[in-house]
Amino acid sequence: MNNSRRDFLKTAGGIAAAGTVLTGLSASAQAQASAGELTEHILPDLPYAYDALEPFIDAQTMELHHSKHHAAYVSGLNAAEAALAKARGDGNFDLVQLYTKRAAFNGGGHFLHSLFWKVMAPAGKGGGGEPSGVLRDAIDRDFGSFDNFKKQFSAAAVQVEGSGWGLLLHRPSDGRLIVSQAENQHKLTGWESLPILGIDVWEHAYYLKYQNKRADYVEAWWNVVNWSQVEANLRHHPHDVSLT
Ligand code: MN3
């Protein structure tokens, strides 16, 4: 690699690395363009105000969680994907493991938080109660009862080792619902299955209000679960063939 290309690549950070600002530049710019196009991931707005889930989830936690933590996963995912494009552009894959890992971690964070905000709603105004329709039928079929499901899901969420998530997955090959965990944002992921409900049990999700009492947070969280959204997630699962 010549020096000018090396210098260019060193300074061409961020999304622009493989983007349109390089149009009309030298051979190194063409190398960047040939690395492929990037998606610019965006922090989604919350579907409600920061204080909408009070008293079960406090407004300060929601604001920090959304505007700081989730935002950091979005920027981390964009940066990791840009770094991988840069690696393709200059043909240097020495750090491919690092950036692939960062893309998985931050991408998992972006995906799961985007799900998390949507599967909650203000208590009594879309949040809380019990599921109905095809979701309730599937829960009763696969867990024996809604109460059994809640107990297993709560236990799985409380018992996540370190930081992570309690999840309800849909497995399209047999149509089953499965309670699962994720450590961090992405470890323990089962291939094929996709989450239709999730609770964030990282300490940043509850520590201001609940301190170390994760079980109290999980118990309170049921009051804000948006079951109609969870049912919609099940119905709209792209591979679902058994419950549509
Ligand atoms: Mn979180």
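Every number in this text was worked out from the coordinates using simple rules, so none of it is lab data. Every value quoted in this text rests on a predicted model; they were computed, and no experiment measured them.
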Next on the checklist: If the reach is capped at under 22 angstrom between alpha carbons, list the lysines near residue 86, excluding any in the same chain fewer than eight residues apart.
Outcome noted: 10, 101
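Shape verdict for segment 54-143, please, from the Cα gyration tensor: rounded (a/c under 1.5), prolate (a/b greater than b/c) or oblate.
Values: a/c = 4.52, a/b = 1.94, b/c = 2.34.
Because a/c hits 1.5 or more and a/b fails to exceed b/c, segment 54-143 counts as oblate.
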Item to check | Spatially proximal lysines relative to residue 213 (Cα-Cα < 19 Å; intrachain offsets below 8 disregarded) | outcome: 150, 151
Item to check | Separation between Cα centres of segment 197-229 and segment 102-152, rounded to whole Å | outcome: 12 Å
